1. Counting alpha carbon pairs within less than 8 Å and at least 6 residues apart, what relative contact order, in whole percent, applies to the chain?
2. In nm, to one decimal, how far is the modelled label at Thr205 from the one at Tyr140, with both set 7 Å along Cα→Cβ?
3. Please name whichever of His80, Gly62, Leu32 sits farthest to the positive end of the charge dipole of the stretch 1-127, dipole taken about the Cα centre and charges placed at Cβ: Lys and Arg +1, Asp and Glu -1.
4. By count of other Cβ within 10 Å, fewest leading, how are Leu39, Leu192, Leu74 ordered?
5. Only Lys, Arg, Asp and Glu count, each charged at its Cβ (+1, +1, -1, -1), so figure out the dipole size of the stretch 11-140 about its Cα centre, rounded to 20 debye.
6. Towards the positive end of the charge dipole of the stretch 83-183, with charges on Cβ (+1 Lys, Arg; -1 Asp, Glu), say which of Gln151, Leu126, Phe102 has the farthest Cα.
7. For a 22 Å ceiling on Cα separation, which of these pairs sit above it: Lys2/Lys131; Lys92/Lys167; Lys72/Lys131?
8. Are there GluC sites (Glu not before Pro) in the stretch 119-148 that DSSP puts in a loop and that have at most 16 other Cβ atoms within 10 Å, and which ones?
Amino acid sequence: MKYFDMPTSQSHSDAVILANGEFPKHAIPLSLLNNNSYLICCDGAIDKLMHNTNIRPQAIVGDCDSISIKNKELFADILHPNPDQEINDLTKSVEYSLQQGFRRLIILGATGQREDHTLGNISLLLEYMDKSDVEIITDYGVFVAIDEDTQFASYSGQQVSIFSITKDEITTHNLKYPVQNRIFTNWWQGTLNESMDNQFTIETTGKVIIYRAF
């Protein structure tokens, strides 16, 4: 059975990707940003990174339509332009990560600001769950995608939401509002549940996104 721990300031990853959403403020994503082993910025995110920190990334990936002229010149040696307009900059950054052989990825800055970008970025988890272990960590919690029985580290009272993308049965264990062989027909139907212990389990063969609040 697959297992996901709760992210902490010491969580390990092969690479951290900073997207161009709301810049992190919570202690956990900020610590992961400051103590990463390899940082990839979506091109627009480099301006926010420079404004808020003194961190230098190892790579900047995107179509280069959002980066300032100053930073485009300053970071020319680590800029990896990709003009493809069929995919967004976060997708390009994940693809770049996989090309470098990175498999354990943490994405920061993927939510906030434009809601359509937020939804698109979260759904990206489904595209890469078979190729990598990838998590989106926000100021409020963590998103992961699953398609098999999975156990999650938790704590009593933790807020948990289940977003079923495919119409496949879901069963839960150790959640306040039990789900037994249920097929959700809309995203809201699995939201606002609550963990009853230091772990809970989701049984499914469908594509599901799980959110756990800090």
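1. Relative contact order, the chain: 21 percent.
2. 3.4
3. The one lying farthest along the dipole's positive direction is Leu32.
4. Values: Leu39 21, Leu192 11, Leu74 15.
Listed from fewest to most nearby Cβ atoms, that is Leu192, Leu74, Leu39.
5. 480
6. Sorting the options by dipole projection puts first Gln151.
7. Numbers: Lys2/Lys131 14 Å; Lys92/Lys167 29 Å; Lys72/Lys131 31 Å.
Beyond 22 Å: Lys92/Lys167; Lys72/Lys131.
8. Here the sparse-neighbourhood loop sites are Glu148.
Since every read-out is calculated from the coordinates, none of them should be taken as a lab result. In this text the structure is predicted, and so the values were computed from the model without any measurement. For neighbour counting, all protein chains shown are included, and Cβ atoms are generated from backbone atoms with ideal geometry for every residue, glycine included.
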